[in-house]
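What follows is a set of notes on a single structure, which appears directly below.
The values are calculated or read from the model by the stated rules, or taken from the named source; none is laboratory data. Here the structure is a predicted model, which is why all the values come from computation and not from measurement. In this analysis, Cβ positions are derived from the backbone assuming ideal geometry, glycine residues included, and neighbour counts consider all displayed protein chains. Keep in mind that these areas ignore ligands, DNA and RNA; they rest on the heavy atoms of the full protein, side chains included. Shrake-Rupley method; radii C 1.70, N 1.55, O 1.52, S 1.80 Å.
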Amino acid sequence: NLETITFLDQAAVQVARATHVDHAKILQYRPDRSDLFMIAGMGWREDIIRSATFPTDLASAPGRCFKTAEPIIIDDVNAQSEFRISPILIEHDIVSLANVPMLVDGAAWGVLEVDSSERRDFGADTSEFMTAAAAIIGAGLRRRNAEQAAAEASVAAAAGGHQHDVFLREMQHRVKNNFQLILASITMQKRRTTEKQVRAALDGIADRINAISVAHEQLAPGQDGKTVNAAGYLTALCSSISQQTERVAIEVTAEEFMISIDRIVPLGLILNEVATNSIKHAFDDDAGRIEVNLSAAAEGELRLTIADNGKGFQNPRAEGSGLKLISSLARQIGGRVDQTSSEKGTATSVVFPVIG
């Protein structure tokens, strides 16, 4: 609401002044899109505030901050290769930046970031101040949400569902915190090695963990707390995957199906495996498109199809590790995999029963 927006804008201004920078922003995580939305800020073009988004993958500074709940500081964006720098920062001549996670009710809500167009060595003092500021802003958000939450709780309690929904939110918070610890550990291990194969393997593990994390975020209150709206989940997951590249568009068409969490997770891992492989191998340096479709197949079955318009591949190896993983995941949900490829692209389909 307007009161909350005004509060966040004022908070961004005060943080910028206290840290002596010319730009600051508050990014809110949006589970339905798996991105970070600039809900407030100062120093940016007016059309950017409350419209710009930032990726949540580990190659993005705010994304890694959010995913691992660790502060991220970059003293010189031009002297580093670890992070992908947003075009918005390049446009505003940002040289140095610092991020800290924002928590509300003990769960990651978003990211507080300060950005400087002059070279700055942000140290522990800045990080500690920003962490404290993020906690104060989080407390303010909590107070402002209290009345709305109380009103919603009274309605839900009247319907008999309040206690269950509170439990579900608490469970989601705990799961998200656990995923943050795992991703922070992976990031730490990645820093300790220079082996390309090891770093690539760690990136693959992080991508799969993200696919599982996104699924848990989509658990639906008001159901049994064990089901996910498949259309919403696939859209959010594809949004997260597409953040890896600007040259490949991912289009999602999905019917509204409620699928249990233990079945949607293998499905999401299959989508993650196929789509990331296409991004890495199907297009070379060309632009491309991946189409994802979930629809009814035979009675009691659904079909997930992931098709790209890339260069295709010849003589696919059935024993290849990627196809083995996809087949293994499909078997977990009683599904079968079909993959075809030509010079016009590659299509992978999984047909599986709605209920196992």
Review point. If you line up the long axis of helix 261-281 against the longest principal axis of the chain, both from Cα atoms, how many degrees apart are they, to the nearest 10?
Key: 90
Review point. Against the longest alpha carbon principal axis of the chain, how many degrees, from 0 to 90 and to the nearest 10, is the axis of helix 321-332 turned?
Key: 80
Exercise for review: Mind scanning 280/311; 190/311; 67/280; 196/344; 25/67 and naming the pairs with a C-alpha gap bigger than 21 Å?
Suggested key: 190/311; 67/280; 196/344
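Which FRET efficiency value, to the nearest 0.05, is calculated for residue 280 and residue 92 with the Förster distance at 22 angstrom and r the Cβ-Cβ distance?
Working: r = 31 Å, r/R0 = 1.39.
It comes out at approximately 0.10.
What does DSSP give for the chain in terms of the percent of beta bridges that are antiparallel, rounded to the nearest 5? Can you show the working numbers first?
Numbers: 52 of 59 bridges.
The antiparallel fraction comes to roughly 90 percent.
Going from most exposed to least, what order do 258, 42 have by accessible area with a 1.4 Å probe? Kindly include the intermediate steps, with their values, before the conclusion.
Numbers: 258 80, 42 50 Å².
The ordering from most to least exposed comes out as 258, 42.
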Revision key, fill the gap. Taking Cα atoms only, helix 162-191 is inclined relative to the longest principal axis of the chain by an angle, in degrees rounded to 10, of 90
Check your understanding: Which one of 55, 266, 101 has the biggest mean-square fluctuation once the chain is modelled by GNM with Cα springs under 10 Å?
Key -> 266
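Sorted by mean Cβ packing within 10 Å, highest first, what order do the peptides 232-238, 128-134, 68-74 take? Each step should come with its number before you reach the end.
Numbers: 232-238: 24.1, 128-134: 17.7, 68-74: 20.7.
Peptide ranking by packing, descending: 232-238, 68-74, 128-134.
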**Study point:** Segment residue 22-residue 135, extension gain: residue separation times 0.36 nm, minus the distance between their alpha carbons
**Key:** 38.5 nm
Check your understanding: Counting Lys and Arg as +1 and Asp and Glu as -1, what is the net charge of the other residues whose Cβ lies under 15 Å from the Cβ of residue 86?
Key -> -4
Check your understanding: In the Gaussian network model of the chain, springs joining C-alpha atoms below 10 Å, which of 203, 286, 308 carries the largest mean-square fluctuation?
Key -> 286
Study note, to complete from the structure: Packing-ranked peptide list from 16-29, 331-344, highest mean Cβ count within 10 angstrom first, is 16-29, 331-344
Practice item. Based on alpha-carbon positions alone, could you give the equivalent ellipsoid semi-axes of the stretch 192-262 from the gyration tensor, as √(5λ), descending, whole Å? Key: 28, 17, 7
Review point. Taking K and R as +1 and D and E as -1, what net charge do the other residues with C-beta under 12 Å from the C-beta of residue 190 add up to?
Key: +2
**Study point:** Candidate lysines for bridging to residue 226, where Cα separation is under 21 Å - those fewer than 8 sequence places away on the same chain excluded
**Key:** 176
